Every structure is written in structure tokens, then in C-alpha cells.
1. Mind telling me which of 88, 27, 139 comes out most flexible in a GNM of the chain, alpha-carbon contacts under 10 Å?
2. Just to confirm the number: angle between the C-alpha axis of helix 62-72 and the first principal axis of the chain, 0 to 90 degrees, nearest 10?
3. Straight-line reach from residue 130: which lysines fall under 22 Å, measuring Cα to Cα and dropping same-chain residues less than 8 apart?
4. Roughly what percent of Cα-Cα pairs across segment 101-150 reach past 16 Å?
5. Please enumerate, by chain and number, the lysines with C-alpha under 27 Å from the C-alpha of residue 57, excluding those fewer than 8 residues away in the same chain.
6. Determine the calculated [θ] at 222 nm for the chain from helices alone, applying -39500 (n - 2.57) to every DSSP H run no shorter than 4 residues and normalising by the residue count; nearest 500 deg cm²/dmol.
7. Arrange the following residues from fewest to most other Cβ atoms within 10 Å of their Cβ: 61, 160.
8. State, as an integer percentage, the relative contact order of segment 100-143 based on alpha-carbon contacts under 8 Å between residues 6 or more apart.
Amino acid sequence: MAKILEATRQKLLTCLALLKEMEGHEREHEKFDALLQSFVDCSRSVTLVLQKEIEDKHLKLEEWYEQKQNEMKSPDNSLLTFFNDVSRLVTHQQPLTVGPTTNIKEIMTRQVPQGWGFVITLRGEPMWVKDSGTEFEQRIHAMEFDSQITTRHFIVNPKLPSPAKLSGVDYSGYDALIICKLYFAYLSLLVQEGEWKAESS
């Protein structure tokens with residue numbers, strides 16, 4: 001059976017796919033950054049698609065959505081305002097600045113492939129490097145050491161609001177992946193509530 005807010009749910013599924021990819025690429029910093037920015041853009045458009053679908057399908061949800069908009073703008077939901085602002089920044093001005101914290105248990109390289117070197121970048125990523133410092137430089141993520149590394153990413157610029165609240169709970173100090181999961185969960189519940197309201201009206 002088709003969902004009432006089918007287009008909005010499709011957008012949520014796209015956001016979920018990006019979120020899962022982010023989980024799988026925490027140790028690959030450039031890829032994680034790109035996925036994070038794509039997720040921010042995608043998740044911000046969920047409410048835009050929702051509003052368009054409400055209008056196009058003549059659903060009697062205007063009053064409900066107006067209440068939800070007021071809720072989303074309240075200080076108890078400062079994280080929602082943050083994502084809205086970040087989306088505009090990423091789309092029109094500059095990329096997010098993300099900083100990692102990396103914990104390395106132990107890395108030992110007994111034999112480096114001929115012509116290659118091994119480095120750990122400033123962001124804590126292990127890399128095989130060829131032609132270092134030249135225009136022909138190549139870098140390959142050294143996945144064989146991933147089990148020795150724990151990485152978390154934090155949004156550095158723009159800064160998270162203080163306190164960083166969602167539904168009245170302060171999530172200050174949480175990393176980017178958890179913040180994105182919380183945002184996605186809020187959006188999912190919003191769409192679910194909209195469908196319930198549409199069915200009962």
C-alpha cells in the first residue's frame with residue numbers, strides 16, 4: 001500500500017542511504033566529508049518536499065505543519081535551526097569544516113611496497129603514498145589498518161549552537177554522525193506524524 005507522503009518518504013530513504021554510507025566511511029576523511037555535506041543538503045530538503053506534497057495533494061495539514069514549524073524554530077530545537085543554516089552555507093557559500101579525533105592502537109609496517117611510502121595524515125588517516133610532494137602524488141587509504149583506528153568527526157565551522165538541543169535535550173559535544181542520526185530520527189517522526197494526521201483527518 002502506497003504511503004500518503006510517498007515523495008517525502010523517498011527523500012528520507014535517500015538521506016538514510018547517505019547516513020549508512022557515512023557510517024561505513026568514517027576512516028576515509030574526504031569521503032566522509034563529502035557524504036556529510038550531501039546528507040545535510042538531502043535532509044534539509046525533506047521538509048521542503050513535505051510542504052510541496054501537502055500542497056499538491058490538498059492534504060488538510062496546514063495547521064498541523066504551522067505548529068510543527070513553530071516547534072522546529074524554538075530554542076528547544078536549536079539543532080534543527082543549525083541544520084537549516086548549515087544547508088544554506090553548504091549550498092551557497094562554503095563547505096563545512098570538519099575536524100576528527102583519531103585513536104590509533106598500533107600500526108606496524110614491516111614491508112612498504114616498492115616505490116611507495118607510508119604516512120599517517122594530520123587527520124589520522126593511514127595512507128600509502130607514491131611520488132610524495134610532486135604533481136604526480138598518489139594516495140591510497142591503507143584499509144588494512146582500519147581495525148587499529150577509531151575515528152570520530154566533529155563539525156568545526158559553523159559551530160554547533162550552545163546548547164545544541166533537540167526536543168529539549170542537549171547534545172553538545174556529540175560527533176557529526178550522531179548529530180545527523182538524531183536529525184534524521186526527528187525528520188522520520190515528523191513524516192510519520194504527518195501521515196497519521198492525514199489518515200485521521
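1. 139
2. Once rounded, one gets 40 degrees.
3. Within the straight-line limit of under 22 Å, residue 130 reaches these lysines: 31.
4. On the way: 470 of 1225 pairs.
When all Cα pairs of segment 101-150 are counted, 38 percent exceed 16 Å.
5. Leaving aside lysines fewer than 8 places away in the same chain, those within reach of residue 57 are 3, 11, 68, 73, 197.
6. Values: 5 runs with 98 residues, N = 201.
Counting only the DSSP helices, I get -16500 deg cm²/dmol.
7. On the way: 61 23, 160 19.
Lowest count first: 160, 61.
8. Details: 52 pairs, mean separation 12.7, N = 44.
Reported as a whole number, the value is 29 percent.
Taken together, the values in this text are just the output of simple stated rules run on the coordinates, not laboratory data. Keep in mind that what you see is a predicted model, and the values were worked out from it rather than measured. So basically every Cβ, Gly included, is an ideal-geometry build from the backbone, and we count neighbours across all protein chains shown.
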